[in-house]
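One structure is given here, and the rest of the page talks about it.
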Amino acid sequence: MFPSFLPTAVGRLTEPASIALAQSIQSQAIATPLNNEPITTTYVHQGSGGTPILLIHGFDSSVFEFRRLLPLLAVDNETWAVDLLGFGFTDRPTGITYSPTAIKTHLYYFWKTLINQPVILVGASMGGAAAIDFTLTYPEVVQKLVLIDSAGLKSGSPLSRLMIPPLDYLATEFLRNPKIRDRISRAAYKSQHLYSVDALDCAALHLQTPSWSQAIIAFTKSGGYRAFRFKKIATISQPTLILWGDSDKILGTKDAYRFKRAIPHSKLIWIQDCGHVPHLEQPQITAQHILEFQGKS
């Protein structure tokens, strides 16, 4: 049985990990300073014990991104994944400025309401930039930081120059196009046999949520996550694990070395034979590295 707030297309899922995650998605009204009414926020919570692990997805994505990784982490650890404000299946109220500032504010109040203890924060792609921003703003919340093929060293989005009516609507319709999404999703994988129709469905389910295009337009117009200055990143005091696919065609591989140089207490581990999404291509190896990092004092 799937939660009623998921679109009916969820019934097309075929991979056991996708079905299991869909069945476990919950929602909670989170009170924040961003809106007079609480924001209904979707998330997954599995496992118990250890320092809580909080997973943050990438741009135009959802908690489904962690369908293969989260169960491996949750065997012996309390593990969370949340749909960021403006993304996934979390509600998109009108009157909110969808921006990095709003995202980290909403994430903080989600953490305060449901977790309320220091976490190991894991961010993938744009989620890495969100995790860095959150760590810099709320350092007391983050015990350790994990970046998976992280954004944060390049500014904004090339879509931003198109976000002028009516081009803004056309740009989101371009993103919605199944052939375009298929092409982008395939490019994230090195091993094409791991990419499937189920994977495409997981990447597109949230497009059917109300106000998806309006929130994407607003976030892109905000400038998104601008490049962090090296001096700013250098103030991160938390132990940091950088995991990077050795064949990343989305962000390349140079930024992995740049993050390693910039973050003082960091370690870089390459995930072999892997593209932009180690948590989907190599979930067992990715989980192993995160759990080993978690256990280190």
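Rounded to the nearest 5, the antiparallel percentage of DSSP beta bridges internal to region 8-295 is 25%. Normalising the average separation of contacting C-alpha pairs (under 8 angstrom, six or more residues apart) by the number of residues puts the relative contact order of region 191-280 at 29 percent. Look at the alpha carbon pairs under 8 Å that are at least 6 residues apart: their mean separation over the length of region 1-157 gives a relative contact order of 21 percent.
Considering only DSSP beta bridges with both partners in region 36-128, what is the antiparallel share in %, to the nearest 5?
Values: 4 of 12 bridges.
Close to 35 percent.
Using R₀ = 22 Å, calculate the FRET efficiency as 1/(1 + (r/R₀)^6) where r is the Cβ-Cβ separation of LYS254 and GLU140; round to 0.05. Between LYS254 and GLU140 the formula returns 0.10. The computed semi-axes √(5λ) of the Cα gyration tensor in Å for the structure shown corresponds, within [x] 34, 22, 19; [y] 25, 22, 21; [z] 43, 24, 16, to [y]. Projecting label points 7 angstrom from Cα along Cα→Cβ for THR14 and SER237 puts them 5.2 nm apart. Mean separation of Cα pairs under 8 Å and 6 or more residues apart, divided by the residue count, gives the chain a relative contact order of 19 percent.
All other residues with a Cβ under 11 Å from the Cβ of THR42 taken together, and with Lys, Arg as +1 and Asp, Glu as -1, what is their net charge? After counting each charged neighbour, the total is -2.
If you take every residue apart from ALA81 with its C-beta less than 13 Å away from the C-beta of ALA81, what net charge results, scoring Lys and Arg +1 and Asp and Glu -1? Could the numbers behind the result be given before it?
On the way: positive: ARG67, ARG68; negative: GLU65, GLU78, ASP83.
Summing Lys and Arg as +1 and Asp and Glu as -1 gives -1.
Extension gain THR51-PHE230, at 0.36 nm per residue separation less the Cα-Cα distance, in nm? Write out the running numbers ahead of the final one.
On the way: separation 179, 0.36 × 179 = 64.44 nm, distance 2.85 nm.
Contour length minus the Cα-Cα distance gives 61.6 nm.
Its DSSP H runs of at least 4 residues, each contributing -39,500 (n - 2.57), put the calculated 222 nm mean residue ellipticity of the chain at -10500 deg cm²/dmol, to the nearest 500.
In straight-distance terms, cross-link reach from LYS232 covers every one of the lysines whose alpha-carbon lies under 26 Å from its own, apart from those fewer than eight places away in the same chain; here that gives LYS104, LYS112, LYS144, LYS154, LYS221, LYS254, LYS260, LYS267, LYS296.
Principal axis analysis of the Cα atoms in region 103-152 yields extents of 28, 20, 16 Å, listed in decreasing size. The local environment of VAL277, defined by Cβ-Cβ distances under 12 Å, has a net charge of +1 under the rule Lys, Arg +1 and Asp, Glu -1.
Each reported figure results from applying straightforward, stated rules to the coordinates on display, with no laboratory input. Please read all numbers here as calculations on a predicted model, not as lab measurements. Positions of Cβ are backbone-derived with ideal geometry, glycine not excepted, and every protein chain shown enters the neighbour counts.
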